[in-house]
Amino acid sequence: EPEVTQTPSHQVTQMGQEVILRCVPISNHLYFYWYRQILGQKVEFLVSFYNNEISEKSEIFDDQFSVERPDGSNFTLKIRSTKLEDSAMYFCASSDTGTSGYNEQFFGPGTRLTVL
Amino acid sequence: GDSVTQMEGPVTLSEEAFLTINCTYTATGYPSLFWYVQYPGEGLQLLLKATKADDKGSNKGFEATYRKETTSFHLEKGSVQVSDSAVYFCALTNPSTSGTYKYIFGTGTRLKVLA
């Protein structure tokens with residue numbers, strides 16, 4: 001069964017460093033998303049991506065964040081200069097076109113980012 | 001804006017006990033509602049969904065009914081098993097107001113089932 005994969009599973013970095021979180025969505029999906037969950041808090045939407053551009057982003061997704069689909073299979077989230085408060089579990093998700101007013105998103109296992 | 005509220009966990013039950021995890025939502029229009037489950041070390045998996053009022057989603061013995069009058073989507077299972085131990089997330093999507101299919105999640109409820 002096709003699945004969304006994410007690498008690495010755990011990333012430890014120093015404050016101020018750049019990190020890139022990688023995701024491989026399901027191959028025929030067209031919509032891509034990043035979410036994050038700070039420990040003990042809600043899963044929060046960060047950004048959605050369709051047709052090679054951002055379709056929506058949250059207030060969290062400021063200029064320090066960027067997304068890219070560099071090669072038609074990977075979908076990356078870059079944080080340019082990490083802060084302590086960026087420590088969280090980051091989930092990637094993908095979905096197909098959706099025909100019923102919703103579309104089921106398929107999630108990866110997450111990358112735990114720890115900023116020291 | 002739209003939001004989802006779930007009961008606090010953890011919930012600890014004995015095997016074969018009845019499970020209810022409460023979920024209420026705030027949204028304009030007609031959101032679609034979901035329950036996702038996360039087993040240890042794995043990603044979020046869709047458990048069930050309901051796309052309109054009075055719909056009942058069901059899967060693996062779990063059920064939830066979309067109640068527009070009480071803005072609720074409570075998850076129930078008649079007899080839990082140890083293998084049901086996981087974190088359960090209630091979520092909604094509301095493209096009629098947000099313009100996209102982004103999910104809005106609750107905080108998640110951890111369920112632990114004891115043998």
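For the reader, a short list of remarks on this structure follows.
- Euclidean distance between Cα centres, the range B:58-115 to the range A:1-55, Å: 22 Å
- Surface share of carbon and sulfur [accessible, 1.4 angstrom probe, percent] for the range B:1-71: 47 percent
- Label point of residue B:39 set 7 angstrom out along Cα-Cβ; within the range B:75-115, amide nitrogens under 20 Å from it belong to B:76-90, B:108-115.
- Inter-label distance, nm, simple model (7 Å from Cα along the C-beta direction), residue A:112/residue A:27: 3.2 nm
- Counting Cβ atoms of other protein chains within 10 Å of each residue's Cβ and taking the mean over peptide B:101-112 gives 5.
- Cβ crowding within 10 Å averaged over residues, with B:19-28, A:87-96 ranked highest first: A:87-96, B:19-28
- Here chain A is scanned for trypsin sites (Lys or Arg not before Pro) in DSSP loops (not H, G, I, E, B) that have at most 15 other Cβ atoms within 10 Å, and the longest stretch holding none of them is A:1-79.
- For the range A:73-82, putting each phi into the Karplus relation 6.51 cos²θ - 1.76 cosθ + 1.60 with θ = phi - 60° gives couplings of 10, 8, 9, 10, 10, 10, 10, 6, 9, 5 Hz, in residue order, rounded to whole numbers and with x for Gly and Pro.
- Highest mean packing comes first when the peptides A:27-33, A:67-73, A:15-21, B:34-40 are listed by Cβ atoms within 10 Å, giving B:34-40, A:27-33, A:15-21, A:67-73.
- Other protein chain C-beta atoms within 10 Å of residue C-beta, averaged over B:44-53: 3.
- Taking the empirical scaling 2.2 N^0.38 Å for compact globular proteins as reference, the protein assembly as shown has a Cα radius of gyration ratio of 1.01.
- Per-residue mean of foreign Cβ neighbours for A:35-47 is 4 (Cβ atoms of other chains, 10 Å radius).
- For residue B:33, the solvent-accessible surface with a 1.4 Å probe is about 0 Å², rounded to the nearest 10.
The values are calculated or read from the model by the stated rules, or taken from the named source; none is laboratory data. All values reported here derive from a predicted model rather than from experimental measurement. Positions of Cβ are backbone-derived with ideal geometry, glycine not excepted, and every protein chain shown enters the neighbour counts. These area figures cover heavy atoms from the full protein model, side chains too; ligands, DNA and RNA do not enter into them. Shrake-Rupley method; radii C 1.70, N 1.55, O 1.52, S 1.80 Å.
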